[in-house]
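> After the structure tokens below, expect a handful of questions from me.
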Amino acid sequence: MALSLPSIQRSRSLYEQIYQTLRTSILSGELVPGERLIETQLAEQLRVSRTPIREAIRQLQRETLITADPSGGLRVATVSAADAAQLYDCRMALEQLAIQEACRNATVAQLQDLETLVLQAEQLIQTQQDSPHMLDLDYRFHRSIAQCSGNQWLVFLLEQVFSQMTLLRVQTTRHNPRVLEIRSEHRQIFTALTQRDAAAAVRAMQIHLTASRLRVIQEVEKLQRQAIES
């Protein structure tokens with residue numbers, strides 16, 4: 001674990017900068033699920049006192065990105081199969097509404113931006129399995145659809161789910177990049193959206209999230225079995 005704090009920005013408190021540094025490191029996979037976090041080590045690496053480290057960790061615990069283990073130690077959260085199923089249930093409800101409203105409200109410019117994301121995903125998969133980049137494209141695609149809905153509360157709620165989903169996807173794609181399918185499934189959603197066919201778009205989203213749910217939960221269960229056996 002080797003973290004570095006960006007140049008100090010006087011407009012932001014030290015706590016905020018440390019919080020963002022740790023949060024980004026967790027969601028990018030730099031700090032892996034299950035990794036132990038020690039305040040003294042973090043303070044030494046970031047060259048700060050333990051007080052802002054402690055404040056940042058408390059905030060990340062509230063977001064359930066950091067958890068306490070049975071011995072009281074702090075670790076990057078690991079998402080269970082049960083948690084994964086519940087997160088996908090939330091996504092299914094929110095994203096069906098998002099794609100339905102996007103069919104009604106998406107602008108030409110927004111559709112062009114979405115097509116760019118679909119093309120980038122297709123090109124990436126043809127060249128290499130770059131999990132961090134694939135995760136970013138997946139997030140941007142789904143967030144863009146939510147923005148197309150024109151409902152900012154929907155975007156806000158999905159952001160909360162996406163944070164936990166990112167942790168889950170980092171956890172699984174580190175071991176199996178094929179958990180992500182952002183080529184054909186994203187293309188099908190996009191095609192229905194451009195045709196303003198809400199029923200077809202909702203079906204395509206349902207198919208995508210149902211398949212993704214199955215792939216991810218199977219991978220989490222596999223990792224849990226491996227952890228028990230080891």
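Laboratory data are not the source of any read-out in this text; all were calculated from the coordinates shown. None of the values given here were measured: they were computed from a predicted structure. Ideal geometry is used to build each Cβ from the backbone, glycine not excepted, and the neighbour counts take in all protein chains shown.
> In degrees between 0 and 90, to the nearest 10, how far off the longest principal axis of the chain does helix 81-105 point, with axes built from Cα atoms?
40
> Divide by every residue of the chain the summed helix terms, -39500 (n - 2.57) for each DSSP H run of at least 4, and state the resulting mean residue ellipticity at 222 nm, rounded to the nearest 500 deg cm²/dmol. List each step's numbers first, then the result.
Numbers: 9 runs with 164 residues, N = 230.
Calculated at 222 nm, the ellipticity per residue is -24000 deg cm²/dmol.
> Name the long-range amide H neighbours of Glu35: under 5 Å, sequence gap of 5 or more, or other chain; modelled H, no Pro or chain starts.
Val76
> Subtract the Cα-Cα distance of Val108 and Ala199 from 0.36 nm times their separation in residues, and report this length gain in nm to one decimal. Intermediate values should be presented prior to the final figure.
Values: separation 91, 0.36 × 91 = 32.76 nm, distance 1.99 nm.
Once the chain is fully extended between Val108 and Ala199, it gains 30.8 nm.
> Moving on. Tell me, what is the Rg over Rh of the chain, with Rh the Kirkwood radius over Cα pairs? It would help to have the intermediate numbers written out before the result.
Working: Rg = 19.0 Å, Rh = 18.9 Å.
That ratio equals 1.00.
> Pairing the Cα long axis of helix 50-62 with the longest principal axis of the chain, what angle in degrees results, from 0 to 90 and rounded to the nearest 10?
40
> Once label points are set 7 Å from the Cα along Cα→Cβ at both Gln20 and Thr116, what is their separation, rounded to one decimal in nm?
2.3
> On to the next question. Of the residues Ala146, Ala82, Ala109, which exhibits the maximal mean-square fluctuation in a Gaussian network model of the chain defined by a 10 Å Cα contact cut-off?
Ala109
> Enter the Cα centre distance for the pair region 91-124 and region 207-230, rounded to the nearest angstrom.
26
> Provide the gained length on full extension for the span Glu39 to Ala93, in nm with one decimal, where the gain is 0.36 nm per separating residue minus the Cα-Cα distance.
Details: separation 54, 0.36 × 54 = 19.44 nm, distance 3.83 nm.
The span from Glu39 to Ala93 would gain 15.6 nm if fully extended.
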